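S.K.: Mind having a look at this structure? Questions to follow.
The values are calculated or read from the model by the stated rules, or taken from the named source; none is laboratory data. Note that this is a predicted model, so its numbers are computed, not measured. Note that each Cβ is placed from the backbone with ideal geometry, even for glycine, and that neighbours are counted across all protein chains shown. Heavy atoms of the whole protein, side chains included, go into the accessibility calculation; ligands, DNA and RNA do not. Shrake-Rupley method; radii C 1.70, N 1.55, O 1.52, S 1.80 Å.
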Amino acid sequence: MKKLLIVALILYASSIFAENLTARHIKYYAPIKIERSWNNYNPGKINFNITSPETQGAKIYRKIVTDPDKYITDNARRVLQTLYFSPADSIPNIDTINYIVHSFDGISYKSENGNSVRIDYSTDWIEKSFIGNDTLKLDYETRGVIYHELTHAFQLEPQGCGEYDGKSPYWAFIEGMADGVRVACGCFEQDFNSIDRPKGGSWMNGYRTLGYFLYWMQLNKDKDFIKKFNATALQVIPWSFDGAIKHIFGDKPENTIENFWNEYQIAVGDKK
């Protein structure tokens, strides 16, 4: 995964959501229940640090996240149970999650390779998100951001389908899955009429455009679709959207990404 591009594009994706965060009513969802099989799963040692403690954002963060280790661990488990059937699956071995809260121009990004990941979260963005002293809104956004970044830590990566370049199937898969998990976990609105969901476009747009499609497929085609779609990264080589669809639903002519996308677009009212 090309980490520098991931940093830039994650910041870009979050900024799109930022346009609407303070200008509308948001339906908040309680954090999804952690399934019993994941209760004791260790997603890695949490190294939490606030390196800009003097900022207002840091003070606000401490009020909404009183136990950072538990907060990060529990949300990692929610991501993992959305991506995988059980702890026995082929899950990337992450032994350390470095979570840094500090002042910078942006929202959040994930970096580092191998067994250690780092997630940075901006105190500047925390302050902007705390409009009206709305703790629920800030928790909603903070959880949503960490769902996205932790998906990048734990998702599988497809092979033979390009690089992280903003246009390849590889890139679309990586970013679409991250926002698909965020929707499934309830930190984008789960209403397909919501302005959280971009209208039209293509599955190749990744991010929320693909993420909402993945969530729709899970609701309407296969209750385990996101898990199965993630698993195709290991099962379909070289990976492709059509290859993944056929692997999940069978090798029939009608089982193509274009056909499912068209059905989705009609169902959500983007196309007649």
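S.K.: Return the residue satisfying two criteria in turn: it lies in the stretch 51-77 and is aliphatic (A, V, I, L, M) and over 15 Å from Leu138 (Cα atoms), and of such residues it is surrounded by the most Cβ atoms within 10 Å (Cβ to Cβ). Don't jump to the end; show me each part of the working.
M.R.: Here is the first cut: in the stretch 51-77, the residues aliphatic (A, V, I, L, M) are 58, 60, 64-65, 72, 76.
With the extra rule that they be over 15 Å from Leu138 (Cα atoms), the set shrinks to 72, 76.
Details: Ile72: 21, Ala76: 24.
Out of the qualifying residues, it is Ala76.
S.K.: Residue by residue through the stretch 5-34, note down the ones that are open to solvent by 70 Å² or more (accessible area, probe 1.4 Å), within 19 Å of the chain's Cα centre (by Cα), at pLDDT 60 or above and not aromatic (Phe, Trp, Tyr). Show your work before the answer.
M.R.: Just the residues of the stretch 5-34 that are open to solvent by 70 Å² or more (accessible area, probe 1.4 Å), to begin with: 5, 12, 19, 22-23, 25, 27-28, 30, 33.
Applying the additional criterion that residues be within 19 Å of the chain's Cα centre (by Cα) yields 5, 12, 19, 27-28, 30, 33.
Then drop every residue that is not at pLDDT 60 or above, which leaves 27-28, 30, 33.
Matches in the stretch 5-34: Lys27, Ala30, Lys33.
S.K.: Now for a separate question. Output yes when any residue across the stretch 197-209 is more than 18 Å from the chain's Cα centre (by Cα) and among the basic types (Lys, Arg), and no when none is.
M.R.: Yes, the stretch 197-209 contains at least one residue that is more than 18 Å from the chain's Cα centre (by Cα) and among the basic types (Lys, Arg).
S.K.: Please determine whether any residue of the stretch 178-189 is within 23 Å of Pro87 (Cβ to Cβ), among the basic types (Lys, Arg) and buried (at least 23 other Cβ atoms within 10 Å of the Cβ).
M.R.: Yes; the residues of the stretch 178-189 include at least one that is within 23 Å of Pro87 (Cβ to Cβ), among the basic types (Lys, Arg) and buried (at least 23 other Cβ atoms within 10 Å of the Cβ).
S.K.: In the stretch 43-70, which residues are out of contact with any strand residue (DSSP E or B) (no Cβ under 6 Å at 6 or more places or on another chain) and without any contact (Cβ under 8 Å) to a residue 24 or more places away in the chain?
M.R.: We begin by selecting, within the stretch 43-70, every residue out of contact with any strand residue (DSSP E or B) (no Cβ under 6 Å at 6 or more places or on another chain); these are 43, 53-57, 59-60, 62-67, 70.
Across the stretch 43-70, the qualifying residues are Pro53, Glu54, Lys59, Arg62, Thr66, Asp67, Lys70.
S.K.: Kindly evaluate Ser122 against the criterion of being buried (at least 22 other Cβ atoms within 10 Å of the Cβ) and at pLDDT 95 or above. Talk me through it step by step, then tell me what you get.
M.R.: Numbers: buried (at least 22 other Cβ atoms within 10 Å of the Cβ): yes; at pLDDT 95 or above: yes.
Yes, satisfied.
S.K.: Any chance the stretch 157-178 includes a residue that's in a loop (DSSP other than H, G, I, E, B) and either in contact with a Gly (Cβ under 8 Å, 6 or more places away or on another chain) or of a type in the set (Lys, Arg) (or both)?
M.R.: Looking only at the stretch 157-178, we keep the residues that are in a loop (DSSP other than H, G, I, E, B), and these are 157-168.
Applying the additional criterion that residues be either in contact with a Gly (Cβ under 8 Å, 6 or more places away or on another chain) or of a type in the set (Lys, Arg) (or both) yields 167-168.
Within the stretch 157-178, one or more residues are in a loop (DSSP other than H, G, I, E, B) and either in contact with a Gly (Cβ under 8 Å, 6 or more places away or on another chain) or of a type in the set (Lys, Arg) (or both).
S.K.: Can you pull out every residue in the stretch 36-50 that is of a type outside the set (A, V, I, L, M, F, W, C), surrounded by 14 or more Cβ atoms within 10 Å (Cβ to Cβ) and on the phi < 0 side of the Ramachandran plot?
M.R.: Of the stretch 36-50, the ones of a type outside the set (A, V, I, L, M, F, W, C) are 36-37, 39-45, 47, 49.
Those still in the list that are surrounded by 14 or more Cβ atoms within 10 Å (Cβ to Cβ) too: 37, 41, 43-44, 47.
If the condition is that a residue be of a type outside the set (A, V, I, L, M, F, W, C), surrounded by 14 or more Cβ atoms within 10 Å (Cβ to Cβ) and on the phi < 0 side of the Ramachandran plot, then Ser37, Tyr41, Pro43, Asn47 are the ones that fit.
S.K.: From (1) more than 19 Å from the chain's Cα centre (by Cα); (2) farther than 19 Å from Tyr84 by Cα; (3) open to solvent by 40 Å² or more (accessible area, probe 1.4 Å); (4) not aromatic (Phe, Trp, Tyr), pick out the condition that doesn't hold for His247.
M.R.: Of the numbered conditions (1) more than 19 Å from the chain's Cα centre (by Cα); (2) farther than 19 Å from Tyr84 by Cα; (3) open to solvent by 40 Å² or more (accessible area, probe 1.4 Å); (4) not aromatic (Phe, Trp, Tyr), the odd one out for His247 is (2).
S.K.: Next question, about the same structure. Which of (1) modelled with pLDDT of 95 or more; (2) part of a loop (DSSP other than H, G, I, E, B); (3) open to solvent by less than 20 Å² (accessible area, probe 1.4 Å) is the odd one out, the single condition Ala88 does not satisfy?
M.R.: (3)
S.K.: Conditions first: (1) farther than 25 Å from Trp38 by Cβ; (2) in contact (Cβ under 8 Å) with a residue 40 or more places away in the chain; (3) open to solvent by 60 Å² or more (accessible area, probe 1.4 Å); (4) among the acidic types (Asp, Glu). Glu112 passes all but one, so which condition is the exception?
M.R.: Among (1) farther than 25 Å from Trp38 by Cβ; (2) in contact (Cβ under 8 Å) with a residue 40 or more places away in the chain; (3) open to solvent by 60 Å² or more (accessible area, probe 1.4 Å); (4) among the acidic types (Asp, Glu), the lone unmet condition for Glu112 is (1).
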